[in-house]
1. Could you grab me the full set of residues in region 301-355 that are surrounded by 14 or more Cβ atoms within 10 Å (Cβ to Cβ), among the β-branched types (Val, Ile, Thr) and over 28 Å from residue 211 (Cβ atoms)?
2. Given the structure, is residue 182 assigned by TED's automatic domain parsing to the domain that holds residue 320, at pLDDT 85 or above, in a loop (DSSP other than H, G, I, E, B) and under 25 Å from residue 247 (Cα atoms)?
3. Taking region 305-355 only, how many residues are among the aliphatic types (A, V, I, L, M) and more than 11 Å from residue 285 (Cα to Cα)?
4. Just to be sure before I move on: is residue 214 of a type in the set (A, V, I, L, M), in the same structural domain as residue 145 (by TED's automatic domain parsing) and not in a strand (DSSP E or B) in the structure I sent?
5. Within region 143-190, take every residue that is closer than 19 Å to residue 127 by Cβ and among the charged types (D, E, K, R) and give me the one that is surrounded by the most Cβ atoms within 10 Å (Cβ to Cβ).
6. Every residue in region 184-239 that is free of Cβ contacts under 8 Å to residues at least 40 places away in the same chain, among the polar types (S, T, N, Q) and farther than 30 Å from residue 350 by Cβ, please.
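The values are calculated or read from the model by the stated rules, or taken from the named source; none is laboratory data. Source: prediction; values computed, not measured. Because the Cβ atoms are built from the backbone with ideal geometry, glycine has one as well, and the counts that use them run over all protein chains shown.
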Amino acid sequence: MSLNDLRDHLHDQATEIDPTQPVPLLAVRRRRAQLRRRRAIATAAGSAVVAVIALVALGNGLRVVTDAPPASSPSMRPTEPSDGLPSQAPKTSGKDHVQNGIRYRAEVAGDALQAATVGKVGQGAATLRWVPGDRQVDIRVFCDRPIARGEDGRKVVLRIDGRVITTEDCSSYPATDPGSIVTARLTAKKLFADPTRPANISAEIVDLNGIPSVSPDQQVGFGIYSRSDDRPIFTKPDVSFPALIEHQGHLYRWADSMTTEFAKSQAQPGVSLQTPAFKPFVVVFGTLDVPELHTFEIAGVSGGQTFTVGPGDGPLAGLKSVAVEAQAAGQVEARPVGSTPTRGTLMIGLYLPAD
């Protein structure tokens with residue numbers, strides 16, 4: 001009983017009781033029961049009003065939030081990025097390409113969007129006809145394909161005029177900001193048979209046997225970006241890493257890279273880079289022109305990373321980027337697992353914060 005209820009109760013009793021006449025105990029109990037019923041009816045009416053308000057609010061798509069969560073509820077905090085690196089909303093503009101719920105930003109780390117296409121949800125392929133001209137570009141693929149229990153993974157194949165350029169795990173590509181995907185760049189002559197003529201570019205989701213994927217929830221697309229600045233990592237063929245990349249809205253600058261060409265005589269064919277002390281960084285790694293099926297691992301990053309490259313995966317394959325939280329100085333190494341490829345190149349790059 002609240003203080004106001006008690007005051008009203010005492011006042012009612014004082015006005016109804018004749019001080020000159022004793023009050024029978026039965027009457028007191030009856031009066032108390034009447035007051036309790038009155039309070040119960042008032043409480044029920046108030047609850048009904050709240051219920052009606054809640055139903056109306058939910059029917060209009062609104063959420064009803066109490067002033068404070070119950071004592072048993074956990075405190076609400078902003079969600080931290082899963083990789084632990086700094087995060088902020090990327091800059092968007094009216095020139096961005098937005099299609100079927102996916103946004104390719106017009107500019108990412110100084111690179112300019114030239115063209116993009118995104119398929120509808122449920123479609124397993126996206127295609128675009130485009131004339132490259134003399135622009136030096138890379139192609140950033142977006143792929144989303146949930147894997148059901150018991151299913152194998154899915155891959156996405158990038159083709160130009162029917163030639164496979166690269167094959168990657170579909171899970172490697174984020175849906176939140178696909179324009180910030182890091183990729184190596186081949187020269188226009190390597191990518192396009194004739195840069196002066198229209199090229200047919202496609203990205204397709206396939207299973208591990210190369211059969212087109214079917215799912216009502218899958219989606220795929222790609223964006224073509226001209227590079228503002230590059231860091232050549234070797235020249236035959238001409239392959240470059242971007243000088244500047246963007247990760248979760250922050251810029252990272254190329255700091256170092258290393259490559260190794262496979263040969264049968266190599267005892268330890270891995271390649272490694274020194275990592276900084278107590279600074280976050282991004283590692284990029286992959287292969288070029290590996291002819292046989294091989295598995296590679298990355299040591300020195302949280303949990304390790306592995307990827308498998310096959311002869312049908314195109315010249316650029318296995319390309320991945322891994323964000324690493326600040327930690328003590330050390331090394332990150334890429335190396336084959338088991339047998340060593342007879343030819344081809346393994347490459348790795350390191351990026352440090354630039355803003």
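1. Those that are surrounded by 14 or more Cβ atoms within 10 Å (Cβ to Cβ), among the β-branched types (Val, Ile, Thr) and over 28 Å from residue 211 (Cβ atoms): 301, 322, 324, 332, 340, 345, 348.
2. Numbers: assigned by TED's automatic domain parsing to the domain that holds residue 320: yes; at pLDDT 85 or above: yes; in a loop (DSSP other than H, G, I, E, B): yes; under 25 Å from residue 247 (Cα atoms): yes.
Spelling it out, residue 182 is indeed assigned by TED's automatic domain parsing to the domain that holds residue 320, at pLDDT 85 or above, in a loop (DSSP other than H, G, I, E, B) and under 25 Å from residue 247 (Cα atoms).
3. The initial filter retains those residues of region 305-355 that are among the aliphatic types (A, V, I, L, M), namely 309, 316-317, 319, 322-324, 326, 328-329, 332, 334, 337, 346-348, 350, 352, 354.
When the remaining residues are screened for being more than 11 Å from residue 285 (Cα to Cα), the result is 309, 323-324, 326, 328-329, 337, 352, 354.
Qualifying residue count, region 305-355: 9.
4. Answer is yes for this residue.
5. 168
6. Of everything in region 184-239, just one residue is free of Cβ contacts under 8 Å to residues at least 40 places away in the same chain, among the polar types (S, T, N, Q) and farther than 30 Å from residue 350 by Cβ, namely 209.
Residues checked against (1) of a type in the set (D, E, K, R); (2) modelled with pLDDT of 95 or more:
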| position | (1), (2) |
| --- | --- |
| 73 | no, no |
| 77 | yes, no |
| 117 | no, yes |
| 121 | no, yes |
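Yes or no, residue by residue, for (1) part of a strand (DSSP E or B); (2) of a type in the set (A, V, I, L, M, F, W, C); (3) within 22 Å of residue 349 (Cα to Cα):
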| position | (1), (2), (3) |
| --- | --- |
| 134 | no, no, no |
| 140 | yes, no, yes |
| 143 | yes, yes, no |
| 149 | no, no, no |
